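One structure is given here, and the rest of the page talks about it.
The values are calculated or read from the model by the stated rules, or taken from the named source; none is laboratory data. Note that the coordinates shown come from a computational prediction; the quantities given were computed from them, not determined experimentally. Cβ: placed from backbone, ideal geometry, glycine included. Neighbour counts: every protein chain shown. Remember, those area values only see protein heavy atoms, side chains included, never the ligands or the DNA or RNA. Shrake-Rupley method; radii C 1.70, N 1.55, O 1.52, S 1.80 Å.
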Amino acid sequence: MMSTSNLPAFEPLDPVGIDDLLTPDEKAVRASVRHLCAERVDPFVADWFERGVVDDVRGLAKELGALGLLGMHLEGYGCAGMSATEYGLACLELEASDSGIRSLVSVQGSLAMYAIWRWGSEEHKLEWLPRMASGEAIGCFGLTEPDIGSDPGSMRTRARRDGSDWVLDGRKMWITNGSVADVAVVWAQTDEGVRGFVVPTTTPGFSAPEIKHKQSLRASVTSELVLDGVRLPDAAALPEVRGLRGPLSCLNEARFGIVWGSMGAARSSLAAALSYAGERVQFGRPVSGFQLTQQKLVEMNLEYTKGVLLALHLGRRKDAGTLRPEQVSLGKLNNVREALEICRTARTVLGANGISLEYPVIRHMNNLESVLTYEGTVEMHTLVVGQAMTGQAAFR
Ligand code: FAD
């Protein structure tokens with residue numbers, strides 16, 4: 001038998017050595033995000049989740065901004081201009097702490113900032129992007145409505161012309177960062193099709209009551225947006241896009257981050273299960289010594305490893321400019337579903353302790369129920385991939 005003594009050590013949480021595929025710069029980004037999370041999020045996040053608040057969310061946003069994590073894959077206007085893969089690795093680390101914190105960063109960078117960066121005027125970019133990149137200003141992205149989710153083309157929020165102004169009326173629902181936002185990118189029907197509007201949240205007629213009673217993403221602000229005769233100048237409209245292509249392009253950016261982020265929640269739960277199983281003794285031995293537990297740990301690790309490889313492959317394609325939206329759908333569909341399954345299995349390994357916030361597992365598991373639904377549900381991404389495979393749209 002060949003000796004294994006000269007081989008690199010077997011890393012339980014990187015069993016096939018995916019780290020070999022990362023550059024030193026990518027590893028450095030990962031290490032700096034991991035460090036920030038260990039200092040600034042991990043010691044507090046279970047308490048935030050339990051209380052349903054993020055203490056000093058503005059201070060946290062500034063610290064995330066100082067590390068270049070807000071709009072980190074965008075170029076110019078104070079953004080860090082990092083690669084898609086570096087952005088993905090950051091999302092993984094953030095979500096290993098909590099999906100709510102990753103959501104704060106995703107909505108800020110991939111939805112609100114990306115909408116302005118990709119489709120905004122030079123004035124929009126100069127006014128908002130540097131402040132959003134530093135975390136001084138927080139953004140939100142209003143697409144979903146109380147009666148309209150998966151089918152945004154049917155949205156009811158309307159923007160009508162009044163002289164040279166626009167007047168917006170309607171309601172948005174389930175909007176991440178809404179109540180703490182300084183600026184909202186709001187999508188509305190107009191006579192020219194769906195358009196995006198940059199709405200300072202101090203504008204009269206705008207309010208953002210927080211949604212309470214969530215049992216998921218509790219360490220994240222989720223709000224309703226009420227637009228009651230919100231009067232905006234002509235220049236508030238995003239000039240460069242008409243139709244659903246605008247919001248969908250932003251969602252595609254955010255979904256890419258979820259492909260990675262979901263694997264962070266999975267890794268944290270797997271690590272908790274592995275550690276717990278090594279310490280918990282039943283029938284005179286650690287539960288990690290039982291075949292049934294080992295099978296769970298190995299199955300979790302298989303799906304985690306495959307998920308990270310898929311994320312990395314999609315990241316390389318995005319950096320090469322060859323990533324298709326259907327491929328992002330496939331990645332989001334697989335990785336969130338598998339991450340949730342990993343968390344559920346990890347929960348069983350922890351027994352009764354698995355339901356306690358003393359451990360991260362039930363928090364990740366509950367969070368992933370939101371992640372499974374937002375940015376396109378499992379069903380929507382199945383239909384996107386199904387259409388790409390068959391050429392038949394089965395949405396209606
Ligand atoms: P619906 O569209 O009503 O769907 C209900 C069910 O029917 C789902 O299972 C769906 O897959 C299924 N379904 C619908 N149509 C079909 C079909 N044709 N074929 C088969 N099945 C179908 N939105 C924003 O705009 N901005 C945000 O910042 C934001 N943050 C969020 C944060 C959280 C915590 C949550 C939970 C949601 C957030 N959302 C946000 C909203 C999210 O994007 C929507 O919930 C999502 O798009 C699904 O819409 P819905 O909940 O209205 O479900």
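Could we say that Leu74 is assigned to a loop (DSSP other than H, G, I, E, B) and within 16 Å of the ligand (Cβ to nearest atom) here? Spell out how you get there, then give the answer.
Numbers: assigned to a loop (DSSP other than H, G, I, E, B): yes; within 16 Å of the ligand (Cβ to nearest atom): no.
Here the answer is no, as Leu74 does not meet what is asked.
Provide a single number: the residues in region 358-393 that are open to solvent by 50 Å² or more (accessible area, probe 1.4 Å), under 22 Å from the mean Cα position of the chain (by Cα) and more than 11 Å from the ligand (Cβ to nearest atom).
Within region 358-393, residues that are open to solvent by 50 Å² or more (accessible area, probe 1.4 Å), under 22 Å from the mean Cα position of the chain (by Cα) and more than 11 Å from the ligand (Cβ to nearest atom) number 1.
Any residue in region 92-104 that is in contact with a helix residue (DSSP H, G or I) (Cβ under 8 Å, 6 or more places away or on another chain), in the same structural domain as Arg34 (by TED's automatic domain parsing), open to solvent by 10 Å² or more (accessible area, probe 1.4 Å) and of a type in the set (Lys, Arg)?
Checked region 92-104: no residue is in contact with a helix residue (DSSP H, G or I) (Cβ under 8 Å, 6 or more places away or on another chain), in the same structural domain as Arg34 (by TED's automatic domain parsing), open to solvent by 10 Å² or more (accessible area, probe 1.4 Å) and of a type in the set (Lys, Arg).
Residue under question is Glu39, and the condition is that it be open to solvent by 20 Å² or more (accessible area, probe 1.4 Å) and in a helix (DSSP H, G or I); does it hold? Give the derivation first.
Numbers: open to solvent by 20 Å² or more (accessible area, probe 1.4 Å): yes; in a helix (DSSP H, G or I): yes.
Spelling it out, Glu39 is indeed open to solvent by 20 Å² or more (accessible area, probe 1.4 Å) and in a helix (DSSP H, G or I).
Restricting attention to region 305-335, which residues are in contact with a His (Cβ under 7 Å, 6 or more places away or on another chain) and either open to solvent by less than 20 Å² (accessible area, probe 1.4 Å) or not assigned by TED's automatic domain parsing to the domain that holds Phe256 (or both)? Spell out how you get there, then give the answer.
If we filter region 305-335 for residues that are in contact with a His (Cβ under 7 Å, 6 or more places away or on another chain), which is where we start, we get 329, 332-333.
Ser329, Lys332 - these are the residues of region 305-335 that are in contact with a His (Cβ under 7 Å, 6 or more places away or on another chain) and either open to solvent by less than 20 Å² (accessible area, probe 1.4 Å) or not assigned by TED's automatic domain parsing to the domain that holds Phe256 (or both).
What's the number of the only condition in (1) surrounded by 17 or more Cβ atoms within 10 Å (Cβ to Cβ); (2) assigned to a helix (DSSP H, G or I) that Val54 fails to meet?
Every condition holds for Val54 apart from (2).
All but one of (1) among the charged types (D, E, K, R); (2) closer than 28 Å to Ala61 by Cα; (3) surrounded by 14 or more Cβ atoms within 10 Å (Cβ to Cβ) hold for Glu122, so report the exception by its number.
Of everything listed in (1) among the charged types (D, E, K, R); (2) closer than 28 Å to Ala61 by Cα; (3) surrounded by 14 or more Cβ atoms within 10 Å (Cβ to Cβ), Glu122 misses just condition (3).
Is one or more of the residues making up region 152-164 more than 12 Å from the ligand (Cβ to nearest atom), in contact (Cβ under 8 Å) with a residue 60 or more places away in the chain and buried (at least 16 other Cβ atoms within 10 Å of the Cβ)?
Yes: region 152-164 contains one or more residues that are more than 12 Å from the ligand (Cβ to nearest atom), in contact (Cβ under 8 Å) with a residue 60 or more places away in the chain and buried (at least 16 other Cβ atoms within 10 Å of the Cβ).
Could we say that Ala339 is under 29 Å from Tyr276 (Cβ atoms), more than 13 Å from the ligand (Cβ to nearest atom), among the small types (Gly, Ala, Ser) and surrounded by fewer than 18 Cβ atoms within 10 Å (Cβ to Cβ) here? Show your work before the answer.
Details: under 29 Å from Tyr276 (Cβ atoms): yes; more than 13 Å from the ligand (Cβ to nearest atom): yes; among the small types (Gly, Ala, Ser): yes; surrounded by fewer than 18 Cβ atoms within 10 Å (Cβ to Cβ): no.
It is false that Ala339 is under 29 Å from Tyr276 (Cβ atoms), more than 13 Å from the ligand (Cβ to nearest atom), among the small types (Gly, Ala, Ser) and surrounded by fewer than 18 Cβ atoms within 10 Å (Cβ to Cβ).
Give just the number: which of (1) in contact with a Gly (Cβ under 7 Å, 6 or more places away or on another chain); (2) within 11 Å of the ligand (Cβ to nearest atom) does Arg396 not satisfy?
(1)
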